[in-house]
Amino acid sequence: MSAPSVGEFLRSRGVTRRDFMSFCASTATLLGLPPSLAARIATALEQARRPSVIWLPFQECTGCTESITRAHGATLEQLIFDAISLDYQHTLQAAAGDAAEHARAQAMKDNHGRYLLIVDGSIPTGNAGYSTIAGHDNLTMLKEAAEGAAAIIALGTCAAYGGIPGAAPNPTGAVPVGEIVKDKPIVNVPGCPPIPVVITGVLVQYLTFGKLPELDALGRPRAFYGQTIHDRCYRRPFYERGQFAETFDDEGARRGWCLYKLGCRGPTTYNACATVKWNNGTSFPIEAGHGCIGCSEPGFWDKGGLYQPLSTGRWGDARTVGTAVGVGAALGIASAALARKRQRDAEGG
């Protein structure tokens, strides 16, 4: 008996046609596709067979696993993630020890050339014993699993760029997946941790079209990493008017002014936090009163202090960023002066 299709699996879990079509429409929007393609996504998902996925957690904190699997209810995104055949993930699987390693070897053999490989965490190269699974070092496991993979998803900033393990002085010689594997398609899904819907979008694109999404220069899905946090931040108007919080408890902070001077990395960080948000779309760090720390960018941990303005750190060209803020402040001052003049004129008239 053949394995059920994704559509059959979702129906068996009680997903209605209306909810399914709504999910397909919103997914098309998230991926930057025309709404007319929602029907095509639905048809492809209904007929697609559950792909084999092998997930290798290396030097990581389990935060990425928590982000992907933790939710406040049985969402369709969770069910899509459940609809893949997750054949190995030592944090989530019931099997352990020899049984778990046998499952991994069998899945790699049975699905050679077709399975998706998810890598979570950086790979130590300084000493094979720094990080092992069942007595196997991370570097050897990655090379073995990558050889038969159709594509690789580097999940989280550690897998995509080296992350915190790769920060100075990098005692383990941590490197990202892309420095080890050179002959396979790699999709970087950075973030510390990444937003759950991003990995869902990548999987849906693969299931629907049989190919990976369009990537930017850093190998990230352009649909989710095509704009900066600053581009879509609801505090952007305060930036344009030159209204900045100077401390976390001053009047500007209480009024929700721009957090640039408190170290917000929004202008140089590409991610969908400001639009997709976290916890079922409830909020994101800036909305909670804390500036963006730039966790989806390479080397974010080493680039200046977390609370230093961009113009004083090592994030790009300090003159460019400083000029931008200066222009924002100047525009704010000019706008305020014009508003006061209009008010005086109205009162005088």
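A short reminder: the numbers here are calculations on the coordinates, not readings from a lab. Since this is a predicted model, take the numbers as computed values, not measurements. In this analysis, Cβ positions are derived from the backbone assuming ideal geometry, glycine residues included, and neighbour counts consider all displayed protein chains.
For SER283, the residues whose amide H sits under 5 Å from its own are TRP278, ignoring neighbours fewer than 5 places away on the same chain, with H placed 1.01 Å from N. For the range 97-114, putting each phi into the Karplus relation 6.51 cos²θ - 1.76 cosθ + 1.60 with θ = phi - 60° gives couplings of x, 4, 4, 5, 5, 5, 4, 5, 4, 5, 5, 5, 6, 5, 10, 4, x, 10 Hz, in residue order, rounded to whole numbers and with x for Gly and Pro. Classify the range 159-250: rounded, prolate or oblate, from the alpha-carbon gyration tensor (a ≥ b ≥ c, eigenvalue square roots; a/c under 1.5 rounded; otherwise prolate if a/b is larger than b/c)? Oblate, since a/c reaches 1.5 and b/c is not below a/b. Across the range 73-211, the mean sequence separation of Cα contacts (distance under 8 Å, 6 or more residues apart), normalised by length, yields a relative contact order of 24 percent.
For GLY304, the amide hydrogen comes within under 5 Å of the amide hydrogens of ARG314, counting only partners 5 or more places away or on other chains and with H modelled in the peptide plane. For the range 51-225, the convex hull drawn through the C-alpha positions has a volume of 110 cubic angstrom per residue. Scalar couplings 3J(HN,Hα) for the range 85-91, obtained by applying the Karplus form with A = 6.51, B = -1.76, C = 1.60 to θ = phi - 60°, are 8, 7, 8, 7, 6, 5, 7 Hz; x denotes Gly and Pro.
Here's how it looks for THR228: its modeled amide H is under 5 Å from none belonging to a residue 5 or more places away or on a different chain.
Taking 17 Å as the straight-line reach from the Cα of LYS184, the lysines in range (excluding those fewer than 8 positions away in the same chain) are LYS143, LYS211.
Computed from backbone phi, the HN-Hα couplings of the range 263-273 come to x, 4, 9, x, x, 10, 10, 9, 5, 9, 4 Hz, rounded to whole numbers (Karplus: 6.51 cos²θ - 1.76 cosθ + 1.60, θ = phi - 60°; Gly and Pro given as x). When each of the peptides 189-199, 153-163, 32-42 is scored by how many other beta carbons lie within 10 Å of its residues on average, the order from highest to lowest is 153-163, 189-199, 32-42.
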